[in-house]
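Report on the structure given below.
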Amino acid sequence: YPMPLSQQHQVTILKDILTNHQSDCCGSVSECEQVERLVKSLLANGQVNEQIIPTLNEIYTYSQNGINTDNLDNHINTHQDQLSSWVNSIDQYT
C-alpha cells in the first residue's frame, strides 16, 4: 500500500513540474493532470499557508486549461511569466 505523499513532497513535485514547463516550454497532459491532483490534495488538506491559496487556484486553472487545450506547448509558452512567479510564491510560502 503506497504511503500518501507528505505535503512537502507534494509541493516539491508540483514545483518540479512547473519549473520543467517553464524551462522546456513544453509538457504533457499527464503532467497537467498530476498538477491538478497535487493542487487538489494540497488545498484539501487545509494545512497550506493561506497566502499560497490564490496561487494554487491559478495553477489549478492553468492545468485544467492545459488538459483541454489543442496546443499544450503554446499554452505553456503563454504562461512563462506566471510559471516563474508561481514557483517563487511556492518557495516563499511553503
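The values are calculated or read from the model by the stated rules, or taken from the named source; none is laboratory data. It should be emphasised that the depicted structure is a prediction, and the values quoted were computed from it without experimental measurement. So basically every Cβ, Gly included, is an ideal-geometry build from the backbone, and we count neighbours across all protein chains shown. Accessible surface areas use protein heavy atoms only, side chains included; no ligands, DNA or RNA. Shrake-Rupley method; radii C 1.70, N 1.55, O 1.52, S 1.80 Å.
Can you tell me the Rg and the Dmax, both Å, for the Cα atoms in the stretch 15-94?
Rg, Dmax (Cα atoms, Å): 11.8, 35.
How large is the accessible surface of Cys26 in square angstrom, using a 1.4 angstrom probe and rounding to the nearest 10?
Roughly 60 Å² of Cys26 is accessible to a 1.4 Å probe.
For His9, His21, give the ranking by accessible area with the largest first, probe 1.4 Å.
The ordering from most to least exposed comes out as His9, His21.
Could you compute the net charge surrounding Asn20? Neighbours are other residues with a C-beta less than 14 Å from the C-beta of Asn20; K and R count +1, D and E count -1.
It works out to a net charge of -3.
Would you mind counting up the charge near Asn77? Only other residues with Cβ under 14 Å from its Cβ, with Lys and Arg at +1 and Asp and Glu at -1.
Residues near Asn77 contribute -4 overall.
Please compute the net charge surrounding Gln64, taking Lys and Arg as +1 and Asp and Glu as -1 over other residues with Cβ under 10 Å from its Cβ.
My count for the surroundings of Gln64 gives -2.
Please compute the per residue accessible area over the chain with all protein chains in place, 1.4 Å probe, rounded to a whole number of Å².
59
Run the accessible area of the chain with a 1.4 Å probe and give the carbon-and-sulfur part as a rounded percent.
45
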